[in-house]
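Chemist: This structure is in structure tokens; I'll ask about it shortly.
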Amino acid sequence: MELLQPEIIEKIGALNLRARLVVEGFITGLHQSPFYGFSLEFHEHRSYYPGDPISRIDWKLYGRTDRYYLRKYQAETNLTAYLLVDKSKSMNYGKGITKFHYARTLAASLAYLLLHQCDSVGLVLFDQKIRSFIPPKSRLTHLNLILKDLTNSEPSYKTSLSDVLFNLAPTMKRRSLIIVLSDLLDDQEEVINAFRLIKVRKNEIIVFHILDSDELEFDFNEQALFRDMEDYTTIPVNPVNIKDLYHKRFNRFLEQYKTDFASHRIDYSVVTTTTPYYRALSSYLSKRKRLL
């Protein structure tokens, strides 16, 4: 799993290559079939589309019909997933890997994995409103469009996750899987209310709460000016004097999300920019397996 360490993956330039290495390294680490969570019992055929794996073509059927069909398996589903990636300015924090860079690589890896499991995946990039929306599709060639948007996006503006969720809710199909990658630095009550609306529409939700280790540890020792990355306000701080208070309030912030999400049966994981990607991918696969 060493390859999956974020600091190693981030040194690889192309996002598509990073995603492929993350997913293939993860699957290799499972010591199981690449179709993890799948029953490989043959089920039905579907038409071949450009970009689909040639190895799945039923050549015997081609010989009888002169048409290309792919073999499908019992556990393949019509699962539709939306990747919601926070690109607000607060996501640009990080000494090595920023929160946004981590989220972008994780989103690309999830898209790669979803599409190779024959699921449909769409992408939503947002800050205070939706900046890009790619509708879900299941063709492998759809990955190129998703990777292009992720590659060309940079953090900007403030966060308003609640507004984004309220606007998205009416457009999402029944029983979609909503995967949110954000630092959740927003009004907690409004965010939870928005997630509640998504949930009552029979959708399933996974939240990856992406943080920098500085935000968890607050390991600063010298007096400095702290600047808000979204509205640029500054405040002089002596970290030694407020460290205990900071930990108390930040832990309460995390605990509130944990409690509220649990009460609405929303999967919630706190990850930092040093968390190996395989942990997040494992969380996704566990969720997907429960939905089959």
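Chemist: How about segment 263-289: which of its residues are small (G, A, S), within 18 Å of S182 (Cβ to Cβ) and assigned to a helix (DSSP H, G or I)?
Modeler: Those that are small (G, A, S), within 18 Å of S182 (Cβ to Cβ) and assigned to a helix (DSSP H, G or I): A280, S283.
Chemist: Here's a check for you: in segment 182-191, which residue that is in a loop (DSSP other than H, G, I, E, B) and touching a strand residue (DSSP E or B) at 6+ places or on another chain (Cβ under 7 Å) is farthest from G94 (Cα to Cα)?
Modeler: L184
Chemist: How about segment 1-89: which strands (runs of 3 or more DSSP E) wholly inside it have at least 3 residues that are at pLDDT 75 or above?
Modeler: The strands (runs of 3 or more DSSP E) meeting that bar are 80-86.
Chemist: In addition: Among the residues that make up segment 215-223, is at least one of them touching a residue at least 40 places away in the same chain (Cβ under 8 Å) and over 15 Å from M91 (Cβ atoms)?
Modeler: Scanning segment 215-223, I find at least one residue that is touching a residue at least 40 places away in the same chain (Cβ under 8 Å) and over 15 Å from M91 (Cβ atoms), so the answer is yes.
Chemist: Picking from T98, T105, which residue would you name as being in contact with a Pro (Cβ under 9 Å, 6 or more places away or on another chain), β-branched (V, I, T), surrounded by fewer than 21 Cβ atoms within 10 Å (Cβ to Cβ) and modelled with pLDDT of 95 or more?
Modeler: T98
Chemist: Would you be able to say whether some residue in segment 226-239 is crowded, with 19+ Cβ neighbours inside 10 Å and within 25 Å of T98 (Cβ to Cβ)?
Modeler: yes
Chemist: Now for a separate question. In segment 165-174, is there at least one residue being within 18 Å of D86 (Cα to Cα), at pLDDT 90 or above and surrounded by fewer than 19 Cβ atoms within 10 Å (Cβ to Cβ)?
Modeler: The answer is yes, given that some residue of segment 165-174 is within 18 Å of D86 (Cα to Cα), at pLDDT 90 or above and surrounded by fewer than 19 Cβ atoms within 10 Å (Cβ to Cβ).
Chemist: While we're here: Do we have any residue at all in segment 250-268 that's touching a Gly at 6+ places or on another chain (Cβ under 8 Å) and of a type outside the set (F, W, Y)?
Modeler: no
Chemist: Could you tell me whether any residue of segment 244-252 is farther than 23 Å from H209 by Cα and either assigned by TED's automatic domain parsing to the domain that holds N193 or among the aromatic types (F, W, Y) (or both)?
Modeler: no
Chemist: Now for a different question. Tell me, which residue of segment 192-225 that is assigned to a strand (DSSP E or B) and modelled with pLDDT under 85 is surrounded by the fewest Cβ atoms within 10 Å (Cβ to Cβ)?
Modeler: L225
Chemist: Please indicate, with yes or no, whether at least one residue in segment 137-148 is in a strand (DSSP E or B) and under 18 Å from the mean Cα position of the chain (by Cα).
Modeler: There is at least one residue in segment 137-148 that is in a strand (DSSP E or B) and under 18 Å from the mean Cα position of the chain (by Cα).
Chemist: All but one of (1) under 21 Å from Y112 (Cβ atoms); (2) buried (at least 19 other Cβ atoms within 10 Å of the Cβ); (3) within 13 Å of the chain's Cα centre (by Cα); (4) not small (G, A, S) hold for T275, so report the exception by its number.
Modeler: Evaluating T275 over (1) under 21 Å from Y112 (Cβ atoms); (2) buried (at least 19 other Cβ atoms within 10 Å of the Cβ); (3) within 13 Å of the chain's Cα centre (by Cα); (4) not small (G, A, S) leaves (3) as the failure.
Chemist: Looking at T151, T159, can you tell me which residue is out of contact with any Cys (no Cβ under 7 Å at 6 or more places or on another chain), in contact (Cβ under 8 Å) with a residue 60 or more places away in the chain, surrounded by fewer than 16 Cβ atoms within 10 Å (Cβ to Cβ) and not in a strand (DSSP E or B)?
Modeler: T151
The values are calculated or read from the model by the stated rules, or taken from the named source; none is laboratory data. What you see is a predicted model, and the numbers here were worked out from it, not measured in a lab. Ideal geometry is used to build each Cβ from the backbone, glycine not excepted, and the neighbour counts take in all protein chains shown.
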